Every structure is written in C-alpha cells, then in structure tokens.
1. Counting only residues that are under 13 Å from residue 124 (Cα atoms), aliphatic (A, V, I, L, M) and not in a strand (DSSP E or B), how many does segment 59-90 have?
2. Among (1) surrounded by fewer than 19 Cβ atoms within 10 Å (Cβ to Cβ); (2) in contact with a strand residue (DSSP E or B) (Cβ under 6 Å, 6 or more places away or on another chain); (3) outside any strand (DSSP E or B), there is one condition residue 18 misses while meeting the rest; what is its number?
3. Out of 116, 177, I need the residue that is buried (at least 20 other Cβ atoms within 10 Å of the Cβ), outside any strand (DSSP E or B), in contact with a helix residue (DSSP H, G or I) (Cβ under 6 Å, 6 or more places away or on another chain) and not hydroxyl-bearing (Ser, Thr, Tyr). Which one?
4. Scan segment 65-94 residue by residue and report those that are farther than 18 Å from residue 41 by Cβ and among the hydroxyl-bearing types (Ser, Thr, Tyr).
5. So which residues in segment 119-153 are basic (Lys, Arg) and either outside the structural domain of residue 66 (by TED's automatic domain parsing) or in a loop (DSSP other than H, G, I, E, B) (or both), if there are any at all?
6. In this structure, does residue 53 turn out to be β-branched (Val, Ile, Thr), touching a residue at least 12 places away in the same chain (Cβ under 8 Å) and outside any strand (DSSP E or B)?
7. Select from segment 230-267 the residues that are hydrophobic (A, V, I, L, M, F, W, C), farther than 24 Å from residue 214 by Cα and not in a strand (DSSP E or B) and list them in ascending order.
8. Can you say whether residue 78 is closer than 29 Å to residue 166 by Cα and in contact with a Cys (Cβ under 9 Å, 6 or more places away or on another chain), as far as the supplied structure shows?
Amino acid sequence: MPEIPDLEAIRGFLNQRLPGVRIERAEAIIPVVFCLPKADFVATLEGNTLAETRRQGKFLLFGLESGHALAVNPMLSGRFQYVRPEAKRRARTCMVLGLADGWDLRYSDERVMGKIYLVREGDLNSIPQFPEMGPDALEVSQEEFAQRLRRHPGQIKNILVNHRFLAGIGNAYADEILLAARIHPYRKRPTLSDEEVARLHVAIGDVMRWAIPIVAEQMRDELDYEERRDFLKIHRKGGQPCPICGTRISEITAGRRITNFCRNCQK
C-alpha cells in the first residue's frame, strides 16, 4: 500500500515533468476503478493540460488547467508508471494518459481496489473519505495530535492507521514509527504518558522525513513504481535482529495485517 513516503516521492517526480504538459489521449481501460462515466473522463482529459500534482493523505491529486482535479486513491495495490508508449503495459493497467511530451502516465492495480475520481477543485469533499480525513500526518502539530489522540481509546497501531485520526500512515510505516517511539503496537492509548505521546508525534515526522528521500532516490531516473521496503528497519523483518538492541523481531498476523515489533525496545 503506498503511504506518505511513496506518494511524496511520486509527487516530486511528476512535478518535475508534468506541469504544462498537454494530455493528447485518455484511456479508461478497467471501468470498475473509475467513479465517473468513461465518456466524461475522456472528454475532460483529452486536450487538457496538467498542472501541479498534490497529495492529500493517501490520495494523489493531479491538477488540470480546466480547474478539475484527477484524484487517485491507489488503495492496496495501485501503482503508477511514467514510461514510453511502446513499453509493455502491466496486467490490469486501468488508466493511460498519452502526453504531448512523448510519454505515458499509467495507473495499474493488481487487485483492482483503487478508485479514480474527476471533480472540480472546489468539490474535493464529494470524494469518499475526503470529508472525514484527519489532518495530514506530516502537518499535524503536537498539540493537535495529542488532542485528537485522546478521542481514541483503542490500540495505538490501529489508531495510527485510521485515516479519521491522521491521513497518510499505513501498516508498514506504523511499525517503523512505533519502533522509533519505543511504544508497543498493542498498547492501549489511555496507558500512554504525555511524554510517550510527545515522543510518538516526533517519531512520525522523523520516520517520514528519513524515508522520503530514500524512496525518491529509488525513482530518481524513472517512475515504474514497485513498492520497495527492504530499507525499513523492522517491518517485514520478523525473526531478524532488532537494529537497536539485537533482540529477535517479533511478527504477529492479525486481521490480515502483519505487525512487527521488538519486545525489548517496545515493552
């Protein structure tokens, strides 16, 4: 699942290439991901010009000269490509934008779970999840973070990945954040001290700022995006030594979600 570091790196890559480029061809290939009629998608996109790409939580928002926003929520398996038209299309390529610069912007989705919306810039709240999204995890202040956290009594990892609490954190980076804060993922929120809450807020920013340039470097020259998480310190590292203390990293699967943590560092 693309999270803030992935989407920020993609956003940065595209903003070096897309603004001011005209869309010459728009293909809506797998209808189930499009939350609008194919004819409307093609009519609005073809001949339009791309503007800045933005991110809101786990959405990428492609600005358009017409005043529309093309919003993509990639969900679990959505992936973006910026490739030459002759490049082989991935299985389950859902959308292709043929650009006047001689490149294609493509979106594929192995599980066909993502969604594509096309709305006026002022109508973003008509997109499902937008009205109830919490503040972006990179922008929330410590005071607001602590206030919002008090409303949630559950386990801290479940709270972190809840888009109503904060937008942009998923399963993988929640593990990394909790290791950095040295907080057990199954701790209940009411058991956290004020110092631990402050530490958790700092860890969110530190982990994201650490990861974004690493992911961006992986796509410095091309965007043919596959999720790479091999550089993460604890997520999907079950059985390996903790990078902090050397204790064997624990791995628990619950509700189809893998959680990794160190029982020594995160008591």
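1. So the first thing to find is which residues in segment 59-90 are under 13 Å from residue 124 (Cα atoms), and the list is 59-63, 67-73.
Going one step further and asking which of them are aliphatic (A, V, I, L, M), we end up with 60-61, 69-72.
Okay, now just the ones that are also not in a strand (DSSP E or B), so none.
Counting residues in segment 59-90 that are under 13 Å from residue 124 (Cα atoms), aliphatic (A, V, I, L, M) and not in a strand (DSSP E or B) gives 0.
2. Exception for residue 18: condition (1).
3. Numbers: 116 fails: outside any strand (DSSP E or B).
Matching residue, one of 116, 177: 177.
4. 77, 82
5. Initially, segment 119-153 is screened for residues basic (Lys, Arg), giving 120, 148, 150-151.
Selection gives 148, 150, 151.
6. Numbers: β-branched (Val, Ile, Thr): yes; touching a residue at least 12 places away in the same chain (Cβ under 8 Å): yes; outside any strand (DSSP E or B): no.
The answer is no for residue 53.
7. First, the residues of segment 230-267 that are hydrophobic (A, V, I, L, M, F, W, C): 231-232, 234, 242, 244-245, 249, 252, 254, 258, 261-262, 265.
Those left that are additionally farther than 24 Å from residue 214 by Cα: 252, 254, 265.
Hit for segment 230-267 is 265, nothing else.
8. Yes; evaluated as a whole, the condition is true for this residue.
The values are calculated or read from the model by the stated rules, or taken from the named source; none is laboratory data. Computed from a predicted structure; not experimentally measured. When we count neighbours, we look across all protein chains shown, and the Cβ atoms used for this are built from the backbone with ideal geometry, even at glycine.
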